[in-house]
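Reviewing the structure listed below.
The values are calculated or read from the model by the stated rules, or taken from the named source; none is laboratory data. Quantities reported herein were computed from a predicted structural model and do not represent experimental measurements. All Cβ positions, even for glycine, are placed from backbone atoms using ideal geometry, and neighbour counts span all protein chains on display.
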Amino acid sequence: MSKKFRLYFLLSLLTIFSLKAQDPLAAEDVQAQDKWVDSVFNSLTLEQRIGQLFMIAAYSNKGGDHQKFLDKMVTEYQIGGLITMQGGPGRQIHMLNRLQGEAKVPLLIGSDYEWGLSMRLDSTFTFPKQMTIGALRQNQHVYDMGAEIARQCKAVGVHINFAPVSDINNNPGNPVIGKRAFGEDRVNVALKSMTYMKGLQDNHIIATAKHFPGHGDTDKDSHLTLPVIKHDMFRLDSVELFPFKLLINEGAQGVMVAHLQVPELEASLNTPTTLSKNTVTNLLKEELKFNGLIITDALNMQGVAKFYQPGEVEVKALQAGNDILLFAEDVAIGIKKIVEAINSGDLTEERINYSVKKVLKAKYLVGLNNYTPATTENLDQKLFSAEAIKVRRRIYSGAMTVASNEKGNIPVKQLENTKIASLVVGPSRENTFQRYLSKYAKIDHYQLPKTGRGNTLFNELKTELSKYDVVIVGYHEVSDRKNSNYGIYGDHLELIKSIAKETKVIVTVFGSPYSLGQFEDFENVICTYEDNSMTQEIAPQVIFGAIDAEGRLPVTASPKFKQGTGVKTTSLNRLGFDVPENAGMDSKVLAKIDDIAKEAIHTQATPGCQVLVARKGKIIFEKAYGFMTYDSLTPVTNETVYDIASVTKVVATLQAVMLLHDYGLIDINATLDNYLPELQGKDKGQIVIKDLLSHQAGLKSFIPYWVKTMQDKKLIPELYSERPSQDYPLMVSDKLYGHKSLPDSIWHWTIDSEMRKKKDGKYDYKYSDLTFIFMHRLVESIINQPIEDFLYQNFYTPMGLGTTCYLASTTLNKEIIAPTAFDNNFRNTQIHGLVHDEGAALMGGVAGHAGLFSTAHELAVILQMNLNGGVYGGYRYLRSNTINEFSQPHFEDNRRGLGWDKPAEEEKYSPTSRYCSLKTYGHNGFTGTTVWVDPEFDLVYIFLSNRIYPDASNWTLMRNDIRTRIQDVIYESIFAYEKYKS
C-alpha cells in the first residue's frame, strides 16, 4: 500500500468510525423479515426461546450415540443452531438435512472455515492460510476467496462462517493464532479482514470477525488457559481494536468474543472478555455501536471452563451481552440456569428476547424462512470448482515473497554455461519443487532428509555442491512453533552457509515467515509461507522468471526481515504454469482432450502422445497418454522424447534462417546462387528464396535418396559399413553406418533433380522437403559451422533446453525416447532414437527438413519465444518484425508463410482448426506431430506422437482428424469461458 493511500485510508477511518450505528442483520425487505421473526418468536415458549441461543457441536464422523444426542437437542431443547465439526461433506449434508427436518425452527449452521471447508471436513478444498494471504498486494483475490468459500458453505448447509480472524499477530510466540492471522500490520489486517468479510456476506454467508478484542499479542492458548493482555486503552484502541472497528463500520454481521483477561477492560480477576459486560456491552455494543450477532468463543475452552461451571458460564455470557452461546457443554443445565436467573432477576426476559430476535433475524437473512435442503448431487464439482482452483492459485502466486535479493540473482537469467544444482532439506527423494526446477534448466538434484546428519555426509554435500555456479535450496518441513526453532536444524543451516561461501545460493523457505530469522546471513531468500504441491510448483517460476514476485512479509521475523519487506522481481517472459481459468479457458471443456487422446490410443492411431497447450505465457494443459509402443508397459510421460519429423523445418532450420535474416546475411528476395556458387548456371540457382520458403519454387515433393544407394534391392557395399570409422562416420541405424560421401551425393542428386512443370508461366504451390535441404546448405555456407552447433549455441542451450537434439540415442537415455517405424526400405530394423526420415538418416541424422528430437514442453519454449516477438528468458533471439514477416503469406494464391504453414481459407484443406485466426502459423510432422502458434489468441498448441510405430503406413491419426479435433477443443474452451464470464 502506498504511503499516500495509507494516509487517505487512515483519515477516512476517522470519519467512518464516527458514523451512527447500523443494523447489519436487516434484510432488504425489513417488513417481511420483522413479520417472520415475530411470527416465529411468538410461537416459542420461554425455554424454547432460550434454546435458540445455543449452538452446539455436531460431528458427522461420529456414530449413533452422538446422532441421537443431536436429535434430542433439536427436538427436546429446540436449540437454535449447530457448529459443525469434523466429518465429511456428504455425511454432513445428510446429518444436517435430517436435523433440519426435525427442527421446529430452522437451525442456523455455523463452522470454522477460515481457509475453507477442509479446516473441518475431509475430502474438501483447501484455500491458503490467512498469513499467506497477508503477503498479497492485491486484495481482490481475498474477496474472490471469500465468495468461493461462501458458495461452498451453502453447498454443505452452512450459513455462518466463523471467519475472518481479525487478530493482529504481533507476537511470534502465539501458539493458537499465528498463521490464522493476516499478519502484524493493523491496516493490512483490517483491509484483508474487511475484504474477506465482504466476499462472504455479499454471497449471503454471515461473516464473523474474531477474536474480539484481539487475541494476537499473547503466547498462551485460550483453549488451555486464560491469556492475559496487559495493554492500556490507547494501545488497544490504536492496534488490537483497529480491524474490528473497520469491519463493524463496513457492515460485519457477526463478531466472536475471545476468552482473554484484559485488565484495562475488566478489572475482575479470572473474568474473560467473553463474560465481561464492560467488554461486550459497553465497548462492543455501545461504544463501537455493533448491532450484529455477538457469539462467544467455544464455552468448553479452558479460558472460561477452568473458572466457571456449565450453566453459570451461559448466564454470565448473556449478562455480558452475547447473543449466541457457542459449544455449550450442557444445554439442559444451561437452559435451567438461565430460567433460574430470570426468575431471580439476574437476567430479564427482555434481555433474552432481544438476543432471540437477533438470532431469528439472522436466520431470515440467510434464507431459513424458505429453507431448502442441501444436496449431494455433483458435490465434488461444487467443492472443487475451477473457480476455486483459480483463486487459490492466484493467492499462492501473489504471495510469493522475495525477502532478500541483494545482488539481483533472482530471477536466474543466465542458463548457458551455468551449472545449477538443487538441494532439498527434508524430503528423501525428488519432489515437486525439484521436478519443476528441471522444467527451466538442466539441474542436478540432491536431497538431505531431516534425519540426515553427520560430518561425513555434510562434507560430501559441501564438496559436491560447491562445484556448481548456482545452488537452489528448498527448506521443507518448517514448523510454526517458535519453541522448536521453526523446525530449522542448526547443523543443516551451517551446511548451507558453508556452501554459500563458495557459490551463489538461493534459499526457498517452504513455511512460516517467522523462520526467516534463521536465514539472515543469506543474500537470496524466498518465502512461500506454505509447503504443498502448488507452492512447490510456483516457487521455481519465481526463481527462473516465469512470473513476477510481489509478495511482502506480513510479519517481522528479524531486523533484516521486517514486516513489509518484499523485493519485486520482474518476469523474464519464460513459460509459466497455471490453471486454464487464469488464462481465460474452461477446464471442463479442455477435459474433452482426454477423450480424443484416449480414442487415438484405443483405435491404434498411435501408441501414445503428448498434448500441451499454453496461453498468455502459461502452460495450462500438459498431459501424456498411452505407452511407448502397443505392447509396452512403459508409459509416455511429459519427459518422453519424440522424433518431430518435419517440425524440424520450423523449430530448427527456419529459426537459423530468421536469425541470419536479422543480421542481414540472408535476403529473401535474392536467388540461391547468390549464396551457393555451385548453383550458378543451374536451374535451382535462379530460385528466389521467398518462393523457396513458400513452397512454390517448382521442386519435387521429395526424393527417395535411399533407392540410389541400393542395387538389385540390396545396399551398395561401398556405401555402408556395420561399424563406424573415419570413412563411415554417418550413423544411419544402430548397426549401419554411411560413407562420408553420402551427404555430398545427396546434395548433387538434389541439385540435379527434375523441376516440376509450370502452370500459366509460374510454379504453383506444392510442399517439398527439398526446400529445407537447400536452406540447410545455404545456412551452413554462411555460418561456416554445422547447423546443429549453431542452433545449440544461439537457441537451445541459452533457452535451457536439455533434450532438444539430433541423434537422440547418442546423447539421451534411449528409455525416454519413443520408437518410430520398422524401416523395411533399406535399414531393415526398428528405428529408435535415430531419425525416421530416410534422407535425413543418410545425411547422418542432421538435416534441414528432419532429424530433430524434442518434447512438447521444450518445443513450447521455442514457440513461445516466437510468440513473444523473439524474446525469452530476458534475452532477444529474433526481431519481432522478422517473425511477423516470415509468419504471414506473401502470395495471394498460396496460404504458406515463409517456412511456416498457415490455415487455409477453405476449411476442407486447412491443416488447422476452423477456429484458428488467420495469423496462426505452425507445421505438421510425418511421425504424427504438430505445432501451432496463434498470436490473436496468444496461444501455443503442440501434439507429439509416434503414430508411425511400428508401421509408417498407419494413417488413422489423420483419417480420424485427431490433432485438429484436439485443437478445436482448445478454442472451444476459450469461447466457453468468455461466454461464462459475460
Is segment 273-282 home to any residue that is in the same structural domain as V315 (by the TED database), buried (at least 22 other Cβ atoms within 10 Å of the Cβ) and of a type outside the set (S, T, N, Q)?
yes
Selection count where residues are of a type in the set (S, T, Y) and surrounded by fewer than 18 Cβ atoms within 10 Å (Cβ to Cβ), scope segment 732-762
3
Considering residues of segment 696-713 that are in contact with a Phe, Trp or Tyr (Cβ under 9 Å, 6 or more places away or on another chain) and outside any loop (DSSP other than H, G, I, E, B) only, the residue surrounded by the fewest Cβ atoms within 10 Å (Cβ to Cβ)
V707
Within segment 538-560, can you find the residues that are over 22 Å from P128 (Cα atoms) and surrounded by fewer than 24 Cβ atoms within 10 Å (Cβ to Cβ)?
G545, S558, P559, K560
It is to be established whether one or more residues within segment 862-883 are touching a residue at least 40 places away in the same chain (Cβ under 8 Å), part of a strand (DSSP E or B) and over 33 Å from the mean Cα position of the chain (by Cα).
no
Assigned to a loop (DSSP other than H, G, I, E, B), out of contact with any helix residue (DSSP H, G or I) (no Cβ under 6 Å at 6 or more places or on another chain) and surrounded by 15 or more Cβ atoms within 10 Å (Cβ to Cβ): is that true of G517 in this structure?
no
Please tell me if I782 is within 30 Å of G545 (Cα to Cα) and over 34 Å from the mean Cα position of the chain (by Cα).
no
Return the pairs, sorted by first residue and then second, in which the second residue is basic (K, R), the first residue lies in segment 771-797 and is part of a helix (DSSP H, G or I), the beta carbons are less than 8 Å apart, and the residues are 6+ apart or on different chains.
T771/K649; F772/K649; F774/K684
If D346 passes every condition in (1) within 19 Å of P213 (Cβ to Cβ); (2) surrounded by fewer than 24 Cβ atoms within 10 Å (Cβ to Cβ) but one, which one does it miss?
(1)
Consider E184 carefully, then state whether it is touching a Ser or Thr at 6+ places or on another chain (Cβ under 9 Å), in contact (Cβ under 8 Å) with a residue 60 or more places away in the chain, in a helix (DSSP H, G or I) and buried (at least 22 other Cβ atoms within 10 Å of the Cβ).
no
By residue number, the members of segment 342-363 that are over 17 Å from Q78 (Cα atoms) and either outside the structural domain of L200 (by the TED database) or hydroxyl-bearing (S, T, Y) (or both) are S344, T348, Y354
Among residues of segment 918-942, those that are over 27 Å from F853 (Cβ atoms) and over 28 Å from the mean Cα position of the chain (by Cα), counted:
2
Any idea how many residues of segment 650-707 are without any contact (Cβ under 8 Å) to a residue 60 or more places away in the chain and under 41 Å from the mean Cα position of the chain (by Cα)?
1
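With under 30 Å from M131 (Cα atoms), touching a residue at least 24 places away in the same chain (Cβ under 8 Å) and in a loop (DSSP other than H, G, I, E, B) as the only criterion, which of V473, V478 stands out?
After ruling out the rest, the residue left standing is V478.
Can you go through L676, L672 and tell me which one is more than 18 Å from W932 (Cα to Cα), touching a Gly at 6+ places or on another chain (Cβ under 6 Å), assigned by the TED database to the domain that holds S781 and aliphatic (A, V, I, L, M)? Full working, then the answer.
Values: L676 fails: touching a Gly at 6+ places or on another chain (Cβ under 6 Å).
L672 is the lone residue from the list that is more than 18 Å from W932 (Cα to Cα), touching a Gly at 6+ places or on another chain (Cβ under 6 Å), assigned by the TED database to the domain that holds S781 and aliphatic (A, V, I, L, M).
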Can you find, within segment 798-851, the residue that is nearest to M775 (Cα to Cα) among those that are under 37 Å from the mean Cα position of the chain (by Cα) and in a helix (DSSP H, G or I)?
A808
For A163, state whether it is within 26 Å of H215 (Cβ to Cβ) and in a loop (DSSP other than H, G, I, E, B).
yes
If we keep just the residues of segment 436-476 that are surrounded by fewer than 16 Cβ atoms within 10 Å (Cβ to Cβ) and closer than 30 Å to G173 by Cα, which is modelled with the lowest pLDDT?
R453
Candidates S725, S694, filtered to the one that is at negative phi, small (G, A, S) and in contact with a Lys or Arg (Cβ under 6 Å, 6 or more places away or on another chain):
S694
Could you list all residues from segment 210-253 that are in contact (Cβ under 8 Å) with a residue 40 or more places away in the chain and either among the aromatic types (F, W, Y) or within 13 Å of P24 (Cα to Cα) (or both)?
F212, F242, F244, L247, I248, N249, E250, G251, A252, Q253
